[in-house]
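Asks: Got a structure for you, questions after.
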Amino acid sequence: MGQRKCIFHLPFTPDPINRPSGTNIRPGKMLQGFKDGGYDVFEIIGESNYRAKRIREAKKLINNGETFDFVYSESETMPTMLTDKDHLPRHPFMDFAFMRFCRSHGVPVGLFYRDAYWLSEEYAHIKKGFKGRISAPLFRYDLLQYRSAVDMLFIPSREFTSLFRSGLKEFSTCPLPSGTVISEPLARYAQDRVSSNRGVLKLVYVGCITVGDAYDMTMLFETVRELDCVELTLCVRENEWCNVKEHYAPYLTDKVKIFHLKGDKMKNLLDEADVGLLFFEPSQYRRLCMPVKLFEYIEHGLPVISLRDTSAGRFINENECGWTTRYSKEALLDLVGSLVSDPMRVVQKKESCKAAAARNTWEDRAAQVARCLSEVKNLG
């Protein structure tokens, strides 16, 4: 039996170092997951002119009898035809036509549809602006094209379709959240990590920070200020911190540490912490998000505090890798205070994190894609 082969299609060039968002981090992890799973991967990644060249090469291979098990693609957070750096629609039909070509030659196509924010009620005010008036019709155009170009939409969580049923009802969908990388940190889950912090519970948050918006940290700062034996470490973008520093200045004490780190230096902060935070003001869109950061926390042995009635909260409860609560300062005070009083609760959750990380790797996600698209191929 020959080596398994697949096509990995991405209508943009991810930049995980300078733009460490899920959109830029996830594709590289999935690509490596396919390679680790034994696939010979034909890559179609980058600006549209380069993709056009690679698409011609792929079509030539298929026409000459080369067989591929499937095509896996991921959407951008903007409409497909605008994903070049200057947002000019040089090849508006190319990617969809290639997917249809593959399907017509017996190669199933799956696409990870990462962002349906434009379908939510929260997007309504943005749609009225210039950007919204341009992007919303083009997002709808993408979905229209997917109907004939894609066999299956992979989505961040199973809640995704329930919230956006009207937009996605015509598609076969399958949840495909982010994954984990099993590496050295998993070997460090000893009980002494909590005790080494000398009775202090170290909380960590990595991500965006704003004021009066989706990433407002005011309630978190207030909670830490009122609790003894708790420290808070935030790793946020320097430009974002400059925009909000004045607002958070009254909360800055020696219990709060602010960093602007990337890569391995950021990961060192996770290794030194006890609990990761995904504690945001609830919203319709927040309910369906399955943040990449959730899986980065658990791969570093960090139990996670998140909200009830969210995709992330459901994952945490099902895998016993943290705690969920309602969005209020009193609830957060009670929860964090109880963890300070009984650090063994944190130790026990760390063991659950180890198990959860081991069964949710990026290679597992790649294998799930292969299984789903193989079923599509067999049905065809």
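The values are calculated or read from the model by the stated rules, or taken from the named source; none is laboratory data. Note that the structure is a prediction, hence the values are computed from the model and not measured. So basically every Cβ, Gly included, is an ideal-geometry build from the backbone, and we count neighbours across all protein chains shown. Surface areas here come from the heavy atoms of the whole protein model, side chains and all, with no ligands, DNA or RNA. Shrake-Rupley method; radii C 1.70, N 1.55, O 1.52, S 1.80 Å.
Asks: Within region 228-250, track down each residue that is open to solvent by 30 Å² or more (accessible area, probe 1.4 Å) and not polar (S, T, N, Q).
Replies: Once the filter is applied, which keeps residues that are open to solvent by 30 Å² or more (accessible area, probe 1.4 Å) and not polar (S, T, N, Q), region 228-250 yields D228, C229, E231, R237, E238, E240, C242, K245, E246, H247, A249, P250.
Asks: Condition first: modelled with pLDDT under 95 and surrounded by fewer than 21 Cβ atoms within 10 Å (Cβ to Cβ). Now tell me which residues in region 49-83 satisfy that.
Replies: Within region 49-83, E76, T77, M78, L82 meet the criteria.
Asks: So P156 ticks every box in (1) more than 24 Å from D36 (Cα to Cα); (2) modelled with pLDDT of 80 or more; (3) out of contact with any strand residue (DSSP E or B) (no Cβ under 6 Å at 6 or more places or on another chain) but one. Which box is left unticked?
Replies: Among (1) more than 24 Å from D36 (Cα to Cα); (2) modelled with pLDDT of 80 or more; (3) out of contact with any strand residue (DSSP E or B) (no Cβ under 6 Å at 6 or more places or on another chain), the lone unmet condition for P156 is (1).
Asks: Are there any pairs, at least 6 apart or on different chains, whose C-beta atoms fall under 7 Å, with the first in region 315-344 and farther than 19 Å from L294 by Cα and the second in a helix (DSSP H, G or I) and β-branched (V, I, T), and if so, which?
Replies: K329/T223; L333/T223; L339/V346; P343/V194
Asks: From the set of residues in region 192-214 that are open to solvent by less than 30 Å² (accessible area, probe 1.4 Å) and part of a loop (DSSP other than H, G, I, E, B), which is modelled with the lowest pLDDT?
Replies: Taking the candidates together, the pick is N197.
Asks: Here's another thing I want to ask about it. Looking at region 278-293 only, could you name the residues that are under 24 Å from L339 (Cα atoms) and either under 15 Å from the mean Cα position of the chain (by Cα) or charged (D, E, K, R) (or both)?
Replies: The answer is L278, E281, P291, K293.
Asks: Follow-up. Among the strands (runs of 3 or more DSSP E) lying completely within region 1-116, list those that include at least 2 residues that are under 19 Å from F139 (Cα atoms) and of a type in the set (F, W, Y).
Replies: Output list is empty.
Asks: With respect to R100, determine if the residue is open to solvent by 40 Å² or more (accessible area, probe 1.4 Å), over 29 Å from L288 (Cβ atoms) and among the basic types (K, R).
Replies: no
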